[in-house]
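Trainee: Here's a structure for you.
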Amino acid sequence: MKRIEDHFEIFPILETDRILLRPITYADIDNMYQYCAVPQVSRYTTWNYHRSKEDTKGFIDFVLNRYETEKVGPWGIEHKETKKLIGSCSFVRWDNRCLRAELGYVLSNEYWNQGIMTEVVNRIIEYAFKDLELVRVEAKCHPENVGSARVMEKSGMKFEGILRKYVWSKEELQDVKLYSIIRDEFEGRFEDSPGIG
């Protein structure tokens, strides 16, 4: 069976109605800085808002190195209509033996409450089960991050519980909410549709 990394030897380009999911490049630095510099965007993340474009360049350096070394790097979320990078989504952790992966994502505040992140997460979950043949996809969020929890719920994920003092973020250990969806639940959505599975 192919490892997750093997599927990223040629980076998988994915699409939705409104979004192109593709590699991040240095050409995205201005658009990325625009949303990463907003404190509200990083309020519930493990990283601090970007104070300069050097911070953004440093993150893109990290992303490009991850493409090269680990293969499994983040998708840039490009808005088809504006051609702008408006966020990213990635497998932040994965386990080839247990056939599972964890999703992480961020979206420009200018595009919140439009269903875009749900659209993106749904597409990547579909890719995870149909192309990567995973058994489980999970994601975590800060307990107060209502928007992120809503994305996971709308994407078919189920709340599993609170992981107490689980992640080091903003100079302290924080709790996180854990959500997941398993293959059987995903396929159950398409019981009457041929060719899914």
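The values are calculated or read from the model by the stated rules, or taken from the named source; none is laboratory data. For clarity, every value in this text was computed on a predicted model and none was experimentally measured. Heads up, the Cβs are rebuilt from the backbone with ideal geometry, glycines too, and the neighbour counts pull from every protein chain shown. Please note that ligands, DNA and RNA were not included when accessible areas were found on the heavy atoms of the full protein model with its side chains. Shrake-Rupley method; radii C 1.70, N 1.55, O 1.52, S 1.80 Å.
Trainee: Of (1) farther than 21 Å from residue 98 by Cα; (2) touching a helix residue (DSSP H, G or I) at 6+ places or on another chain (Cβ under 6 Å), residue 153 satisfies all except one. Which?
Mentor: Every condition holds for residue 153 apart from (2).
Trainee: Just checking, which of 9, 15 is at negative phi and modelled with pLDDT under 95?
Mentor: 9
Trainee: Within segment 71-109, take every residue that is charged (D, E, K, R) and surrounded by 14 or more Cβ atoms within 10 Å (Cβ to Cβ) and give me the one that is modelled with the lowest pLDDT. Please lay out each step first, then the result.
Mentor: Residues of segment 71-109 that are charged (D, E, K, R), as a first pass: 71, 78, 80-81, 83-84, 93, 95, 97, 100, 102.
Subsequent filtering for residues that are surrounded by 14 or more Cβ atoms within 10 Å (Cβ to Cβ) retains 71, 78, 84, 100, 102.
Working: 71: 88, 78: 98, 84: 98, 100: 98, 102: 98.
Going through the qualifying residues, I end up with 71.
Trainee: Also, I was wondering about something else. Quick one: count up the residues across segment 71-111 that are without any contact (Cβ under 8 Å) to a residue 60 or more places away in the chain, more than 15 Å from the chain's Cα centre (by Cα) and under 16 Å from residue 36 (Cβ atoms).
Mentor: Of segment 71-111, the ones without any contact (Cβ under 8 Å) to a residue 60 or more places away in the chain are 74, 76-78, 82-84, 86-87, 90, 92-93, 95, 97-100, 102-105, 111.
This time we only want the ones that are more than 15 Å from the chain's Cα centre (by Cα), so: 82-84, 95, 97-99, 111.
From what's left, under 16 Å from residue 36 (Cβ atoms): 84, 111.
Summing the residues that are without any contact (Cβ under 8 Å) to a residue 60 or more places away in the chain, more than 15 Å from the chain's Cα centre (by Cα) and under 16 Å from residue 36 (Cβ atoms) in segment 71-111 gives 2.
Trainee: Could you check residue 54 against (1) under 25 Å from residue 125 (Cβ atoms); (2) free of Cβ contacts under 8 Å to residues at least 40 places away in the same chain; (3) acidic (Asp, Glu) and say which number it fails?
Mentor: (1)
Trainee: Let me ask something else about it. Kindly provide the set of residues from segment 8-44 that are open to solvent by 80 Å² or more (accessible area, probe 1.4 Å) and under 28 Å from residue 175 (Cα atoms), ordered by number.
Mentor: Those that are open to solvent by 80 Å² or more (accessible area, probe 1.4 Å) and under 28 Å from residue 175 (Cα atoms): 40, 43.
Trainee: Those residues that are under 17 Å from residue 111 (Cβ atoms) and in contact with a His (Cβ under 6 Å, 6 or more places away or on another chain), I need them from segment 34-73; list them, please.
Mentor: 36, 37, 44
Trainee: Another question about this same structure. Condition test on residue 125, is it out of contact with any Phe, Trp or Tyr (no Cβ under 9 Å at 6 or more places or on another chain) and surrounded by 19 or more Cβ atoms within 10 Å (Cβ to Cβ)?
Mentor: Answer is no for this residue.
Trainee: Counting only residues that are of a type in the set (Asp, Glu) and out of contact with any strand residue (DSSP E or B) (no Cβ under 9 Å at 6 or more places or on another chain), which one in segment 128-149 is surrounded by the most Cβ atoms within 10 Å (Cβ to Cβ)?
Mentor: 133
Trainee: Name the residues in segment 150-181 that are open to solvent by 20 Å² or more (accessible area, probe 1.4 Å), assigned to a strand (DSSP E or B) and modelled with pLDDT under 95, would you?
Mentor: Across segment 150-181, the qualifying residues are 167, 168, 172.
Trainee: Can residue 51 be described as open to solvent by 20 Å² or more (accessible area, probe 1.4 Å), closer than 29 Å to residue 181 by Cα and among the basic types (Lys, Arg)?
Mentor: In short, no.
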